[in-house]
Amino acid sequence: MNFVVSCPGSAGWQFNVAVRPDVSVPVVMPKSLIARDTVITANDLQLKKFNISNQREGLMTNMDEAIGLTSKRALQPGKPITRSELVQPVLVKREQPVMIVSHTAGITASMPGVALKNGRKGDVIKIRNSSSQRIISGMVDDIGVVTTLTAEQ
């Protein structure tokens, strides 16, 4: 930011001053090195004051925003964690047995199946019905649980 400083009067003067403000707020940081693909827990994190004046967007100020997410890369202690460095954890792994859940007209049915690819919550993946060997699509709901897609979804 630039300001003009002046002194009015007969012998007045004026000059430009460049100012860079320092703004420090508590942000979420790792307590120690967090390896890539690690699910973040409360024990991994701390809130520490950090000068955000020159920092990129996506800083977190609440540890709950990071807890339960997975690190995309190694996270260094003393460096703020950004939202872009975290993703939802993989809830279903390729070739993992899953429970296929289907909801139709108020009836819920479940059957065993096998995931054909990894999936995070909300991902649509292919699954093989273990009984019929049919390959169908479903949305990952929880650890080992995939819900079939219907026309309304």
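Computed from the coordinates by the stated procedures, all read-outs in this text should not be read as laboratory data. The model shown is predicted, which means the values in this text are computed figures rather than measured ones. Cβ sites come from the backbone with ideal geometry, for glycine too, and all protein chains shown count toward neighbours.
Listed values, structure above:
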{"item": "Shape call, region 90-148: gyration tensor on alpha carbons, a/c limit 1.5", "result": "oblate"}
{"item": "Separation of the Arg20 and Lys79 label points, Cα + 7 Å toward Cβ, nm", "result": "2.0 nm"}
{"item": "Residue-span extension gain [Ser6 to Glu57] - 0.36 nm each, minus C-alpha spacing", "result": "14.8 nm"}
{"item": "Overall Cα dimensions of region 1-70 - principal axes, largest extent first, Å", "result": "68, 18, 17"}
{"item": "Hz values of 3J(HN,Hα) by residue in region 79-93 - Karplus curve (6.51, -1.76, 1.60), Gly and Pro given as x", "result": "10, x, 8, 10, 4, 5, 8, 10, 9, 4, x, 6, 9, 9, 9"}
{"item": "Residue-span extension gain [Thr38 to Ala105] - 0.36 nm each, minus C-alpha spacing", "result": "20.2 nm"}
{"item": "Label corresponding to Rg/Rh (Cα atoms, Kirkwood Rh) when calculated from the structure given, among (1) 1.32; (2) 1.02; (3) 1.06", "result": "(1)"}
{"item": "Nonlocal amide H pairs with Gln46, under 5 Å, H built at 1.01 Å", "result": "Met29, Lys31"}
{"item": "Long-range HN-HN contacts of Val98 with modeled amide H, under 5 Å", "result": "Gly113, Val114, Ala115"}
{"item": "Residue-by-residue Karplus 3J(HN,Hα) for region 58-67, coefficients 6.51, -1.76, 1.60, Hz, glycine and proline x", "result": "x, 5, 10, 10, 10, 4, 4, 5, 9, 5"}
{"item": "Length released on extending from Ile143 to Asn129, taking residue separation times 0.36 nm less the Cα-Cα span", "result": "3.3 nm"}
{"item": "DSSP beta bridge pairing in region 1-146, given as percent antiparallel to the nearest 5", "result": "95 percent"}
